[in-house]
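*Asks:* Below you will find the structure I want to go over with you.
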Amino acid sequence: MPINVRMPALASDMEAATLVKWMFKEGDDIKAGDVLAEFSSSGKPGQIKAAAAGTLERIVVPEGADRVKVRDLIAILAIKNESGSVAVPGRASHERAVPGPQIATSSSKGASDDAVLKLFEDGSYDCVPHDSMRRTIARRLVTSKQTVPHFYVGVDCEIDELLTLRSRLNHAAPDTPEGLPGYKLSVNDMIIKALALAMRDVPNANVSWTEHSMVRHRHADIGVAVSISGGLITPIVRKAELKALQVISNEMKDLWKRAKDRKLKPEEYQGGTTSISNMGMMGVKEFAAVINPPHATILAVGAGEQRVVVKSGVMAIATVMSATLSLDHRCVDGALGAELVQKFKSYIENPIGMLA
């Protein structure tokens, strides 16, 4: 049956450690006593050894993860029986187990397949094995929530002027030789530009955290979450603060299409300095997104909708979009986060500033 591998303690007062290196990768065969991983706590090195022979089925905590608590689930080891197949209670020994749902949390308790599946009646569910993309997403999100102290700052932005400017710019777009518009701006294109300019104006928030230094980025490389079959990917618009809206628009359309076709190059979706997750087109009013390290921020954007607002003591109707900025409190504090989100709001509500 599966064995949960947990972070051990070097001493009775040890509370957490850094997982320095995995010695094996998922799918590798393991012998009893093999060193699975190396870790360190307060400068003291340690090793995590396999309690039995089997296969390294799942790495839950990746290399470099910091502040991994003692007893946190870090990996799952599938133990093999004499025939070489994975032994799972309730199955014939010649059957190979189909991976079921795995639950990994930041607490010291993890749940195996036997712990989950026994809660449901036989025949009432199907187990769909995780593909590599889903496993990667799960690992990164768990690591983010375990290691990044999130906090959130939200604003409501009136976007009527932005919608008007977008319409005028699209109407003025020159035709291509094929007789098609040279560009067609979306609200999301303008959100990318507004966030990039806000990052430029508040450079202390355009950073990444490392244990030894603050990485201050010289440009705003904006990742944009794109939903694809089996998960999501985040293609990046590089140096977005320097690019015209129509350039961002055409570049994003190309990235979006190739993301859907799974044809992006690694350098087109790896890295970046911040990211945007826009669920407005799905009718979502507001939400908070999980930071994607090494980013220190991510902007969650909801739908624009008509709301009653008060202007100079008089009620009026305005199109309002809610945006929530998730921030890494290790490198961006509350005042700095508020300054960044207010800069973003200013560009959204006064969009002519994006054309300068």
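*Asks:* Could you check which residue among K343, K260, K311 shows the biggest mean-square fluctuation in a GNM of the chain with a 10 Å Cα cutoff?
*Replies:* Of the options given, K311 has the highest mean-square fluctuation.
*Asks:* Sticking with this structure for a sec: Under a 10 Å cutoff between Cα atoms, tell me which one of S322, S186, S213 has the largest fluctuation in the Gaussian network model of the chain.
*Replies:* S213
*Asks:* Write down, largest first, the equivalent ellipsoid semi-axes of segment 309-356 in whole Å, where each equals the square root of 5 times an eigenvalue of the alpha-carbon gyration tensor.
*Replies:* After diagonalising the Cα gyration tensor, the semi-axes are 26, 16, 9 Å.
*Asks:* Could I ask something else about it? Per residue, how much accessible area does the chain show when a 1.4 Å probe rolls over the protein heavy atoms, in square angstrom?
*Replies:* Accessible surface, normalised per residue, equals 52 Å².
*Asks:* First compute the accessible area of the chain with a 1.4 Å probe, then give the percent of it belonging to carbon and sulfur atoms.
*Replies:* C and S atoms contribute 54 percent here.
*Asks:* Now, a different point. Can you give the log10 of the normalised intensity I(q)/I(0) at q = 0.12, 0.13, 0.19 Å⁻¹, computed with Debye over equal Cα scatterers of segment 1-63?
*Replies:* After summing over all Cα pairs, the log10 values are -0.29, -0.34, -0.70.
*Asks:* Enter the angle in degrees (range 0 to 90, nearest 10) between the Cα long axis of helix 334-349 and the first principal axis of the Cα atoms of the chain, meaning the one along which they spread out most.
*Replies:* Helix 334-349 sits roughly 40 degrees off the main axis of the chain.
*Asks:* Let me ask you something else. Suppose we look only past 25 Å in the calculated P(r) of the chain. What percent of the Cα-Cα pairs does that tail hold?
*Replies:* Numbers: 38827 of 63190 pairs.
Every Cα pair in the chain considered, those over 25 Å come to 61 percent.
*Asks:* Also: Suppose the Debye formula is applied to equal point scatterers at every Cα of segment 198-297; what is log10 I(q)/I(0) at q = 0.10, 0.17 Å⁻¹?
*Replies:* -0.29, -0.84
*Asks:* Sticking with this structure for a sec: Along the principal axes of its C-alpha atoms, what lengths does segment 34-77 span, in descending order and rounded to whole Å?
*Replies:* Principal-axis extents of the Cα atoms in segment 34-77, largest first: 31, 18, 17 Å.
*Asks:* If N is the number of residues in segment 277-325, what value comes out of its Cα radius of gyration divided by 2.2 N^0.38 Å?
*Replies:* Output field value: 1.43.
*Asks:* Would you calculate a helix-derived [θ] at 222 nm for the chain, using -39,500 (n - 2.57) for each DSSP H run of n ≥ 4 and dividing by the full residue count, to the nearest 500?
*Replies:* -7000 deg cm²/dmol
*Asks:* Which peptide among 19-25, 59-65 comes first, and what is the full order, when sorted by highest mean count of other Cβ atoms within 10 Å?
*Replies:* Working: 19-25: 15.9, 59-65: 18.9.
Highest-to-lowest ranking by the protection proxy: 59-65, 19-25.
*Asks:* How long are the three semi-axes of the equivalent ellipsoid of segment 108-230, in whole Å, if each is the root of 5 times an eigenvalue of the C-alpha gyration tensor, listed from largest down?
*Replies:* Those come to 41, 26, 15 Å.
*Asks:* Now, a different point. Would you mind computing Rg(Cα) / (2.2 N^0.38 Å) for segment 248-337, counting N as its residues?
*Replies:* Working it through for segment 248-337, the quotient is 1.38.
The values are calculated or read from the model by the stated rules, or taken from the named source; none is laboratory data. Since we're looking at a predicted model, the values are computed, not measured. Cβ atoms come from the backbone with ideal geometry, glycine included; neighbour counts cover every protein chain shown. Side chains are part of the model used for accessible areas, which takes the heavy atoms of the whole protein and leaves out ligands, DNA and RNA. Shrake-Rupley method; radii C 1.70, N 1.55, O 1.52, S 1.80 Å.
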